[in-house]
1. Going by what's in this entry, would residue 126 be described as under 21 Å from residue 197 (Cα atoms), touching a Leu at 6+ places or on another chain (Cβ under 6 Å), buried (at least 17 other Cβ atoms within 10 Å of the Cβ) and modelled with pLDDT of 95 or more?
2. Note down all Cβ pairs under 6 Å where the first residue falls in the stretch 1-16 and is under 23 Å from residue 70 (Cα atoms), the second is surrounded by 10 or more Cβ atoms within 10 Å (Cβ to Cβ) and of a type in the set (Ser, Thr, Tyr), and they're at least six residues apart or on different chains.
3. Name every residue in the stretch 214-229 that is loosely packed, with under 15 Cβ neighbours inside 10 Å and either free of Cβ contacts under 8 Å to residues at least 40 places away in the same chain or among the hydrophobic types (A, V, I, L, M, F, W, C) (or both), in order of residue number.
4. Where residues in the stretch 53-79 are more than 16 Å from ligand 1 (Cβ to nearest atom) and among the hydrophobic types (A, V, I, L, M, F, W, C), which of them is surrounded by the fewest Cβ atoms within 10 Å (Cβ to Cβ)?
5. Condition first: in a helix (DSSP H, G or I) and touching a residue at least 60 places away in the same chain (Cβ under 8 Å). Now tell me which residues in the stretch 109-128 satisfy that.
6. Tell me, which residue of the stretch 181-231 that is among the basic types (Lys, Arg) and over 13 Å from the mean Cα position of the chain (by Cα) is farthest from residue 72 (Cα to Cα)?
7. Is the stretch 201-212 home to any residue that is touching a residue at least 24 places away in the same chain (Cβ under 8 Å), under 30 Å from residue 83 (Cβ atoms), assigned to a strand (DSSP E or B) and among the basic types (Lys, Arg)?
8. Are any of the residues in the stretch 165-176 on the phi < 0 side of the Ramachandran plot, under 13 Å from the mean Cα position of the chain (by Cα) and charged (D, E, K, R)?
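The values are calculated or read from the model by the stated rules, or taken from the named source; none is laboratory data. Only a predicted model underlies this, so the values are computations on that prediction, with no experimental measurement involved. Don't worry about glycine lacking a Cβ; one is built from the backbone with ideal geometry, like all the others, and counts go over all protein chains shown.
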Amino acid sequence: AQEQLLRSERMAAVGELVASVAHEMRGPLSSIRLNLQIMGRALREDAVLHEHYEIAFDQVMQMERMFSDLLNYSKPLELQKKDIPLETLIDRCLRELEGELSVRSIGVERSIEPDLPPIIGDPDKIEQVLINVLKNALEASRSNGKIRVSATMGEGPSGAGVTIAVTDHGAGISRRNLKTIFQPFFTTKKKGTGLGLAIVKKIMDAHRGKISVESEEGKGTTVRLSLPGVGGAQ
Ligand code: ADP
Ligand code: MG
């Protein structure tokens, strides 16, 4: 137990270090990106140089994604719990992803059971959970695909709650990968950080919520998020 305590203290210290490095890097990185963009405009006439600019720009974007996910993953969670109406939550997430959804012509079908109780949680954090899950669904989907988001009454061991399910008809997850998708840095994507679901897990655990993933290769994936609602155990 002593050893475990030491280990978790050390992990906390590492987490803090990572968070502060990620935080410190964000300013310089965004400055690099802005200046690159200005140079890129001046290089438009030169196809070869412009290609180098595009490579550099892509890499900077990838680093920004990495640092922002690292920061989210490693900074300590402080929950500010409130009642969150589901419609508002789902709509805000979909609005945030509107651009990416429309670029790839992916439609979202929303179905929210009437008279659902609000869920209890930190609105920003829960929004991040849903965005990360929706992003994965969107990235797995073919263009012109459909994503379904549904919210239903759930009855968990801790009492009344709400289950949000996100279904896509994308590539699916192999049985083997299904075991590792929540591990930090596990990714099968060229531009992935592998931190999306690790963040989801961390936030859901802090809310005492549950996640389950059902997937069939070639058919698609359903992610279910269950959260305590008003009236459930808190
Ligand atoms: P990232 O999206 O950066 O790869 P995540 O933690 O969000 O990291 O996801 C980890 C991996 O889980 C993905 O790389 C992908 O292989 C798999 N995955 C997650 N959601 C889906 C989904 N809806 N469809 C197919 N694969 C998925
Ligand atoms: Mg992801």
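1. When the stated conditions are applied, residue 126 does not pass them.
2. 15/74
3. First, the residues of the stretch 214-229 that are loosely packed, with under 15 Cβ neighbours inside 10 Å: 214, 216-219.
Matches in the stretch 214-229: 214 only.
4. The selected residue is 55.
5. 125, 126, 128
6. It comes out as 219.
7. Checked the stretch 201-212: at least one residue is touching a residue at least 24 places away in the same chain (Cβ under 8 Å), under 30 Å from residue 83 (Cβ atoms), assigned to a strand (DSSP E or B) and among the basic types (Lys, Arg).
8. Residues of the stretch 165-176 on the phi < 0 side of the Ramachandran plot: 165-171, 173-176.
Filter again for under 13 Å from the mean Cα position of the chain (by Cα), leaving 166.
Now narrow it down to the ones that are charged (D, E, K, R): none.
Among the residues of the stretch 165-176, not one is on the phi < 0 side of the Ramachandran plot, under 13 Å from the mean Cα position of the chain (by Cα) and charged (D, E, K, R), which makes the answer no.
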